Structures are given as C-alpha cells and as structure tokens.
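First up is the structure itself, then whatever we jot down about it.
The values are calculated or read from the model by the stated rules, or taken from the named source; none is laboratory data. No experiment lies behind these values; they were computed from the predicted model shown. Cβ coordinates were reconstructed from backbone atoms using ideal geometry, including for glycine residues, and neighbour counts include every protein chain displayed.
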Amino acid sequence: MPAAKRSIEQFVAAGTRDVWEAKYRLQDERGRSETTIEETWQRIARALAAVESSQQSHWERRFFEALSGFRFLPGGRIHAGAGTQRRVTLFNCFVMGTIEDSMDGIFDALKEGALTMQQGGGVGYDFSTLRPKGITAKSGGTIASGPVSFMQIWDAMCGTILSTGARRGAMMGTLRCDHPDIEEFVQAKCDARVLRHFNLSVLATDEFMQAVREGADWPLVFPAGAAEAPGAEFVERVWPGDARPRRCRVFRRVDARALWARVMRATYDCAEPGVIFIDRVRRADNLYYCESISATNPCGEIPLPPYGACDLGSINLTRFVNHPFAREANLDLEAVAATAATAVRMLDNVYDISNFPLVRQREVAQASRRVGLGITGLADAFIMLGVKYDSPRALQLAEEVMRTICLAAYRASIDLARKKGSFPLFRADDYTRSEFVARLPEGIVEDIRRYGMRNSHLTAIAPAGTISLLAGNVSSGLEPAYAVDYQRSVRLADGSLKTIPVTDYACALYRWLQRTDGGAPPAFAAAAEVDPHAQLAMQGALQPYVDNSISKTVSVPADFDFERFSDLYQRAYDLGLKGCTTYRPSELRGAVLQPEAERAAQCCSTEREAD
C-alpha cells in the first residue's frame, strides 16, 4: 500500500500542474518561480505563521502539515496571494455596501465593486434599494429604468476586469421577492447574452413562501417618497439600509403561486435564479443582534452584511480515508478534527496579513473575523468507502463528518479567544442566544460564555471548484462526482482557456490500485444519476452544522420532468435550507462541465473560481 500511495501522489501532482501554474504558482518580478507545490505550501505556511506572537516555527510546521498532501485547501486567494507581497486581498468573498438610490450612489457602488474585483474579490449586491422601472424621479423628471438595467453596467465592468487576468469575475445579484421588478429579474438570464457574469438569487421571505402555499395575493412594493401616488395603498416593510419599518407603496398585487411558477420555469429553462430564504438566514445569523443581511457572496455560501467579507477553506475528505475500496475502509474522524482546529487558526491569521480593497471592508470584516471552513471531496470519499451517495449511510456519515468539523472549529475558536481575544462584536449573552450557537453542546456554550469566541462564524461549504481540481480533481464541495472522465477548462494567465482531460480522483485512485486503465469503483455514481431530491437530502444532512451557508447546485438531467422539478425549491425550504440553485443542461446553457468538449464557462457553472 505505501508504494501505491506514493505512486498515486505522483499521478495527482502531474495532473494538477496546469492548474497550479495558471493560478497559484508564484513567479515574481525578478523571474524567480516556485518549482513545486511544496514550495507553495511553504510560502503559505510561513506567511500565516508570521503573525503568531510566539512559536512561529512551530506553527509554520503545523500549517505546512495541514496543507501537505492537499489535506486542507485554503481559498484560492490565499493560495495565490499569501506571502507574495503583492497588493491583493486574500478574501474570496465580499458583499458590498447598500446601493443608494441615486446616480451618485449607483456609480459610487460600481466603483467600489471594481476596486474589490481588481484585487481578486468576488462581490455580492442587493439591488432591492433601486427604484422600479417607470417611476418618475422628482429631481430632473427622468424615468427610472429599474435595477436590472443598472445590473448590466456591473456586468460590463466585470467583463472588463475579467479580461485583465486569469481570475474570473464573479458577482451575486439579489432582489427581494416583493420588489415591483421581480418578474423582470426572474427572467433576466433567460437571454444568454445578458448578465453573463452574475449569479442571481431571489430573496424569498417566510411570508412569501406561506402565500405560495395558500395561493394568496402577493403585494409588490417599494418605499414611499419618489413612489408617492394619490389613492395608493401602503404597507410597512423593513427595507435594506434601514432597521426600522418603512412606509412602502403597493404597486400591484400578483398571484404568489404564479410568481413562484415563473421562478421555477426560469430556473428549469435557464438555470437561474436561485433562491435565498432570507428570513431563515437572518434568524440563524450568529450576529443577529448587530447586523442585517440581504445578500451573499457570489456562490451563496456566505451571507454577509454590507461590506462584510469572509475567508474560506475546505478539508479534503479523500485524504482521510484509510484502506480505500477495501472492506475495512474507514474515515479518520480524529484526524479530520485535528486538521479542522489547525485550519481555523490559519484562516483567522488571514485577517492579520491580508489587504482589503476598501477601508470599510477591513473595519466590518475584522469586527467579526468570520471564517468559512468546509469540506470538499465528499462524494469521492463515499466512493472510496464503498458508500453510495444517495444511501441512508451516506447521509449519516455526512452528518457525522460535518458535526465533527463544526465542534472542532468552535472549540478551536474558543481556545484562540482565550489567547488572542474575542472578535470585537462579541457579546456573550446575545451571542449564546443565537439560534445556531444555542444548539451546540452545553459544554461548548458554557466555554463561549466563559472565554469568548475569536470568530463569529466558523463553517461554510463552498463550491471549491478550482482548488478541488488542484488537489487531483476530487469531487467539488458536497456535490456528487460529475463523471469518470471528462474535460475541464483552465483560464491561463493571458486570459485564454486551456482544455485539459481529467479523471475523477476516486476513479483514478481505483484504477491505480487495480492496475487497470479503465473502469470505475462499484460505489461510483455520476451527478446525472443521483436523484435531485437525494442531493437536497444531502444538503439537509449537512446544514445543521453550518453556521454560514452551503453552496449547492442541484444537478438535474435534461429530461427531468418539469412537474417533478417544480417542487425542488419548496422541498429545500421544507428541509430547513438557507438557499439553493439548480442546473439542468439545455440548449441555452449547455452542460455544467463537458464530458467530451470544452465549453465557454458561465458564471453559474461549477468552473467559476469562487475559491
């Protein structure tokens, strides 16, 4: 077995070189280059250990051990930027400030987004603050063109930033389910030429979901002021940018089920929009007492307040499987927990070495010190353990793994608080009353009250697409394995795309150990073969141990019946999820990845570099 393990390590290293060279290998201005991935790990470990007040060499060794063998995969910005002395951010995820409903406010927000993306950060915006199409502005008498029209300016900006380097531009745009332009927003990406650099999600409230259930009318509203009209109907709503209820004009009422049907038809045909169950997000927020959330990062796993940021990392579960494919195969949960504890310290240290594009981003991020520690390679780990992705045993094992990571992460953050202090917004009574924290084991909650917390949030499950490819093409995040053999695109430093043939990691390992050139392990199931409802069930098994959120794209076969499809988002809501999106291959979008031929990557595909 040791010899076979060394051989597969060599196999993986060869297969990941293109990704490493295009994305993460340091080449400085003097022409010096890292020659191995081990040198990249050493650079990252040294940079993150440098902020420790003592035992820096000890922590450098610990950090290097966590990184080696691709056991812990920090976010792509950390891989690419840590220790380089470049003026870049190490944070993948930002939500930008509330957009003021004025031309000055709109273009100030556009500028802030451009500066953030220039340094490598993906951005999320809530466009609900922009007045609906057709309203006459009191100053100047101009007619508002609505939020979707202004999103196209952001889209053009993102495309320009994208053209300057290897990192894909990524943006999330959200709109409230009661905004008067919600129907235009829902349909926007059914034109393949529109908003290509955006992921879109509807902010669905509990009240809306109840109206859908009951078949009730649903009011579309906007804050009064510019929207005044004689004899208009008004309601009160809490609107982004203001914690107090505001007087809002009812523009019209629609059938809630008809609006929901529009959402489902658009995502069936066009793969967008996704949904964010925003009331659930806010209720479950550990910082419910001092922030309000109305947007997420580009892939949806990090709900954030205005100017919030989060640094991400994923534990590669394939590297913790002992005796893969054998009857005695098992997952080393003790090692997973130990790696999780080290990873929390590494991600926390990112706050002390990273640049921030905007001063306000630094202030908001350091006030909470959020981290998003998650998993990748889940499906491949199942395959190596001989467990089918859609089996009850898989759900049980996934829950056990995520519980292990969650509890280890919280204990590590408590320990860091004892030594380095709590995050500035920490208030013990309020924090321990939060929905998520209150469900933790009593001993952990008592220690939080006694010692504090270094980080407000600890867990998230990201797509981890590019870093999973770097680690030997392990299955991304919690997603089922895509296929045995297929093609993936890597964007090179000059902006061009290179198509590379890849094999799923578990399948490659199986072939290597079996000394064969073909075939797949008995437990292998491609994403298209896993029922969409089983995929939601997997997300549901993990969600109780994720205090941020989960990026999940439900893979749906092209021939999946619309009647069965139409209840997927409702099912996600019933499972207690915070959000969801789907992807069904179509003539408009193509496939998410390509079994045979390279496809120009869309923002909503798993190839986007949100990691």
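Restricting to region 212-239, name every residue that is surrounded by fewer than 19 Cβ atoms within 10 Å (Cβ to Cβ) and outside any strand (DSSP E or B).
213, 214, 215, 216, 224, 225, 226, 228, 229, 230, 231, 232, listed by residue number.
Quick one: would you say residue 420 is touching a residue at least 12 places away in the same chain (Cβ under 8 Å) and either surrounded by 21 or more Cβ atoms within 10 Å (Cβ to Cβ) or within 21 Å of residue 468 (Cβ to Cβ) (or both)? Give the derivation first.
Details: touching a residue at least 12 places away in the same chain (Cβ under 8 Å): yes; either surrounded by 21 or more Cβ atoms within 10 Å (Cβ to Cβ) or within 21 Å of residue 468 (Cβ to Cβ) (or both): no.
No.
Can you find a residue in region 244-253 that is assigned to a loop (DSSP other than H, G, I, E, B) and surrounded by 14 or more Cβ atoms within 10 Å (Cβ to Cβ)? It would help to see each step written out before you state the result.
Filtering region 244-253 down to residues assigned to a loop (DSSP other than H, G, I, E, B) leaves 244.
Subset that is surrounded by 14 or more Cβ atoms within 10 Å (Cβ to Cβ): none.
No, because not a single residue in region 244-253 is assigned to a loop (DSSP other than H, G, I, E, B) and surrounded by 14 or more Cβ atoms within 10 Å (Cβ to Cβ).
Within the bounds of region 516-526, is there any residue that is out of contact with any Cys (no Cβ under 6 Å at 6 or more places or on another chain), hydroxyl-bearing (Ser, Thr, Tyr), more than 30 Å from residue 444 (Cβ to Cβ) and in a helix (DSSP H, G or I)? Steps first, answer last, please.
Initial filter on region 516-526 (out of contact with any Cys (no Cβ under 6 Å at 6 or more places or on another chain)): 516-519, 521-526.
Narrowing the set further to residues that are hydroxyl-bearing (Ser, Thr, Tyr) leaves 516.
Narrowing the set further to residues that are more than 30 Å from residue 444 (Cβ to Cβ) leaves 516.
With the extra rule that they be in a helix (DSSP H, G or I), the set shrinks to none.
No, every residue in region 516-526 fails to be out of contact with any Cys (no Cβ under 6 Å at 6 or more places or on another chain), hydroxyl-bearing (Ser, Thr, Tyr), more than 30 Å from residue 444 (Cβ to Cβ) and in a helix (DSSP H, G or I).
Is it the case that some residue within region 476-489 is surrounded by fewer than 18 Cβ atoms within 10 Å (Cβ to Cβ) and in contact with a helix residue (DSSP H, G or I) (Cβ under 6 Å, 6 or more places away or on another chain)?
Among the residues of region 476-489, not one is surrounded by fewer than 18 Cβ atoms within 10 Å (Cβ to Cβ) and in contact with a helix residue (DSSP H, G or I) (Cβ under 6 Å, 6 or more places away or on another chain), which makes the answer no.
Determine whether residue 73 is within 30 Å of residue 315 (Cα to Cα), in a helix (DSSP H, G or I) and touching a Leu at 6+ places or on another chain (Cβ under 9 Å). Working first, answer last.
Working: within 30 Å of residue 315 (Cα to Cα): yes; in a helix (DSSP H, G or I): no; touching a Leu at 6+ places or on another chain (Cβ under 9 Å): yes.
It is false that residue 73 is within 30 Å of residue 315 (Cα to Cα), in a helix (DSSP H, G or I) and touching a Leu at 6+ places or on another chain (Cβ under 9 Å).
Please work out which residue is farthest from residue 452 (Cα to Cα), limiting yourself to region 368-407 and to residues that are small (Gly, Ala, Ser) and surrounded by fewer than 22 Cβ atoms within 10 Å (Cβ to Cβ).
The initial filter retains those residues of region 368-407 that are small (Gly, Ala, Ser), namely 368, 372, 374, 377, 379, 381, 386, 391, 394, 398.
This time we only want the ones that are surrounded by fewer than 22 Cβ atoms within 10 Å (Cβ to Cβ), so: 386, 391.
Details: 386: 41, 391: 39 Å.
My answer is 386.
Considering only residues that are more than 13 Å from residue 318 (Cβ to Cβ) and either touching a Cys at 6+ places or on another chain (Cβ under 6 Å) or among the acidic types (Asp, Glu) (or both), which ones fall in region 469-515?
479, 484, 485, 494
Please state which one of 515, 454, 511 is without any contact (Cβ under 8 Å) to a residue 24 or more places away in the chain and crowded, with 19+ Cβ neighbours inside 10 Å.
Answer to the check: 511.
State the number of residues belonging to region 90-139 that are acidic (Asp, Glu), within 28 Å of residue 371 (Cα to Cα) and either in a strand (DSSP E or B) or at pLDDT below 95 (or both).
Result for region 90-139: 1.
Go through region 533-579 and give me each residue that's more than 23 Å from residue 440 (Cβ to Cβ), within 16 Å of the chain's Cα centre (by Cα) and among the charged types (D, E, K, R).
Answer for region 533-579, where residues must be more than 23 Å from residue 440 (Cβ to Cβ), within 16 Å of the chain's Cα centre (by Cα) and among the charged types (D, E, K, R): just 552.
Answer yes if at least one residue in region 538-548 is surrounded by fewer than 16 Cβ atoms within 10 Å (Cβ to Cβ) and more than 23 Å from residue 71 (Cβ to Cβ), and no otherwise.
The first filter runs over region 538-548 and keeps only residues surrounded by fewer than 16 Cβ atoms within 10 Å (Cβ to Cβ), leaving 544.
Now drop any that are not more than 23 Å from residue 71 (Cβ to Cβ), which leaves 544.
Looking through region 538-548, at least one residue is surrounded by fewer than 16 Cβ atoms within 10 Å (Cβ to Cβ) and more than 23 Å from residue 71 (Cβ to Cβ).
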